[in-house]
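Here the structure comes first, spelled out in structure tokens, and everything after it is commentary.
The values are calculated or read from the model by the stated rules, or taken from the named source; none is laboratory data. In this text, all values refer to a predicted model and were calculated from it rather than measured experimentally. Here the Cβ is made from the backbone with ideal geometry for all residues, glycine too, and neighbour counts use every protein chain on show.
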Amino acid sequence: MTRVVLVHGIAQEMKGPETLLADWYPALSDGLALAAGPRVARDDVSMAFYGDLFRPAGHRGLGTPELDASDVQEGIERDLLLQWWQSASDLEPRVAGPAAPARLRTPLLVQRALNALSHSSFFAGLSERMMISSARQVRRYFTEPDVRMDIQDRIARSVTPETKVMVAHSLGTVAAYEALHALPDCPGLTLVTLGSPLAVRNLVFERLLPRPSDGHADWPTPVERWTNIADVGDVVALAKELAPLFGDRVRDLRVHNGARAHDVRPYLTARETGRAIAEALRGDAVGSG
């Protein structure tokens with residue numbers, strides 16, 4: 001019986017569903033406890049895992065193939081890295097921004113972005129390869145139909161008649177939103193999105209399926225309640241509020257996650273997240289709490 005479906009984000013290709021649950025489940029339980037919510041047994045929680053779809057194929061060399069600025073593709077990959085750079089510089093004075101006009105070829109401009117991001121608290125400790133790989137997974141989701149379909153299928157197969165709430169993080173919020181549109185007949189549930197890029201214009205929002213119309217996205221039929229939670233310092237969730245684009249039924253909340261603003265664990269331990277999940281598990285009336 002799966003009452004809670006979890007959907008992870010980018011850069012999880014070397015893990016698996018049980019590995020991720022070992023991180024997510026204690027944080028989920030802590031958030032529920034802080035919100036005075038009901039306890040949920042681990043057997044009632046499942047991870048809609050798709051990270052392996054991004055795992056590189058075997059090769060002759062040792063370790064993971066390196067990526068550098070010259071490997072970044074024009075379009076989504078380049079533009080996403082530049083948006084992260086701009087957002088990080090807006091939030092942290094010590095991060096040099098891209099304000100100075102630069103007529104640079106993509107590799108040089110991207111190298112400036114990677115250098116700047118490496119000095120931000122958000123990306124501290126991440127290698128250039130990991131930053132590029134993260135942007136690449138977003139690009140692949142939107143440009144490779146088979147990958148997109150396989151990810152959404154993994155999510156759809158995790159939903160059961162007993163599912164009360166879906167909790168999605170990062171790129172997983174995009175996949176969850178689209179997957180739920182393909183499940184119009186499933187029982188009503190609550191959607192909780194954490195660190196979501198769904199409202200990022202030009203890079204994400206306009207690429208959603210079904211396509212938004214006149215600047216507004218369709219509401220997923222199975223969703224009875226939707227709570228979106230973002231940290232002000234989360235540079236992946238560049239647009240912190242979803243209600244302006246997805247409808248005023250979305251409840252947008254802010255939390256403070258400390259230095260690792262996009263990390264799913266502080267999102268899950270936040271009382272606001274625990275309360276949103278608790279409302280779904282208790283079956284509180286829509287609009288209460």
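Descriptive notes on the structure:
- Top-ranked residue in region 141-180 [being in a helix (DSSP H, G or I) and touching a Ser or Thr at 6+ places or on another chain (Cβ under 7 Å); ranked as nearest to Arg275 (Cα to Cα)]: Thr173
Quick grid of which residues meet (1) assigned to a loop (DSSP other than H, G, I, E, B); (2) touching a residue at least 60 places away in the same chain (Cβ under 8 Å); (3) in the same structural domain as Ala175 (by TED's automatic domain parsing); (4) within 17 Å of Asp263 (Cβ to Cβ):
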residue	(1), (2), (3), (4)
Ala11	yes, yes, yes, yes
Thr19	no, no, yes, yes
Trp24	no, yes, yes, yes
Leu28	no, yes, yes, yes
Pro38	yes, yes, yes, no
Asp43	no, no, yes, no
Ser46	no, yes, yes, no
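- Against the test of being at pLDDT 90 or above and outside the structural domain of Tyr267 (by TED's automatic domain parsing), the options Arg78, Arg94 yield a single qualifying residue, Arg78.
- Val192 in contact with a helix residue (DSSP H, G or I) (Cβ under 6 Å, 6 or more places away or on another chain), under 28 Å from Leu281 (Cβ atoms) and β-branched (Val, Ile, Thr): yes
- Lone qualifier among Leu191, Leu180, Leu126 - being free of Cβ contacts under 8 Å to residues at least 12 places away in the same chain and surrounded by 15 or more Cβ atoms within 10 Å (Cβ to Cβ): Leu126
- Check on Arg201, basic (Lys, Arg), in contact (Cβ under 8 Å) with a residue 12 or more places away in the chain and either out of contact with any helix residue (DSSP H, G or I) (no Cβ under 6 Å at 6 or more places or on another chain) or not assigned by TED's automatic domain parsing to the domain that holds Ile277 (or both): yes
- Number of the exception - Glu206 against (1) assigned to a loop (DSSP other than H, G, I, E, B); (2) of a type in the set (Asp, Glu); (3) over 30 Å from Thr269 (Cα atoms): (1)
- Comparison of Ala230, Ala243 shows that the only residue that is small (Gly, Ala, Ser), modelled with pLDDT of 95 or more and more than 22 Å from Ala88 (Cβ to Cβ) is Ala243.
- Listed by position, the helices (runs of 4 or more DSSP H) contained in region 234-285 that have at least 2 residues being within 19 Å of Val5 (Cα to Cα) and over 15 Å from the mean Cα position of the chain (by Cα) are 271-282.
- Of Asp248, Asp231, all but one fail to be free of Cβ contacts under 8 Å to residues at least 60 places away in the same chain, assigned by TED's automatic domain parsing to the domain that holds Pro184, buried (at least 20 other Cβ atoms within 10 Å of the Cβ) and out of contact with any Cys (no Cβ under 7 Å at 6 or more places or on another chain); the exception is Asp231.
- Only a single item in (1) in a helix (DSSP H, G or I); (2) modelled with pLDDT of 95 or more; (3) closer than 27 Å to Arg249 by Cβ; (4) of a type outside the set (Asp, Glu) is not met by Val138, and it is number (2).
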